[in-house]
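> Once you've had a glance at the structure underneath, I'll fire off some questions.
The values are calculated or read from the model by the stated rules, or taken from the named source; none is laboratory data. Worth saying up front: this structure is predicted, and the values here are computed from it rather than measured. Reconstructed Cβ throughout: ideal geometry from the backbone, glycine too, with neighbour counts over all protein chains shown. Just the protein is used for accessible areas: all its heavy atoms, side chains included, with ligands, DNA and RNA removed. Shrake-Rupley method; radii C 1.70, N 1.55, O 1.52, S 1.80 Å.
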Amino acid sequence: CLYGNGVMCPTAATWSGPNRCEKGDCGTCTFNVYLAKYCVAVAKNGNTWSLDTVTTCFYNSDSIFVNNNPSTVEFQVRQNGDPFIALQRITKGSEDFGITSGQQTTTGLILI
């Protein structure tokens, strides 16, 4: 929906405040998101495991948010060398190599 002074609020968002900016008060657009997945990467150094604060499981993030409230939240712990983390980085989060599913299976088997 479009509000005063060209402010655009996404469909799933809620607008509150005046429809026109008056004396600096322009209102707010609130958009609720909910945590669906959270993942931490861990590193092994000898016999010790520690949190890897540099590596993220998902492309540029450690969490996935959605617009609707999920019934469960998935928590994951992955080793920083996990192929899933490499997949996220290589495909920039799309998980799509741009090849057929048969070729993806072959590639996946080779990577394992």
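> Just a yes or no: is a residue in the range 90-109 open to solvent by 80 Å² or more (accessible area, probe 1.4 Å) and in contact with a Lys or Arg (Cβ under 7 Å, 6 or more places away or on another chain)?
no
> Residue by residue through the range 43-67, note down the ones that are exposed (fewer than 15 other Cβ atoms within 10 Å of the Cβ) and more than 18 Å from the chain's Cα centre (by Cα).
Answer for the range 43-67, where residues must be exposed (fewer than 15 other Cβ atoms within 10 Å of the Cβ) and more than 18 Å from the chain's Cα centre (by Cα): LYS44, ASN45, GLY46, ASN47, THR48, TRP49, SER50, LEU51.
> Those residues that are over 16 Å from ILE110 (Cβ atoms), open to solvent by 40 Å² or more (accessible area, probe 1.4 Å) and not in a loop (DSSP other than H, G, I, E, B), I need them from the range 76-89; list them, please.
VAL77, ARG78, GLN79, ARG89, listed by residue number.
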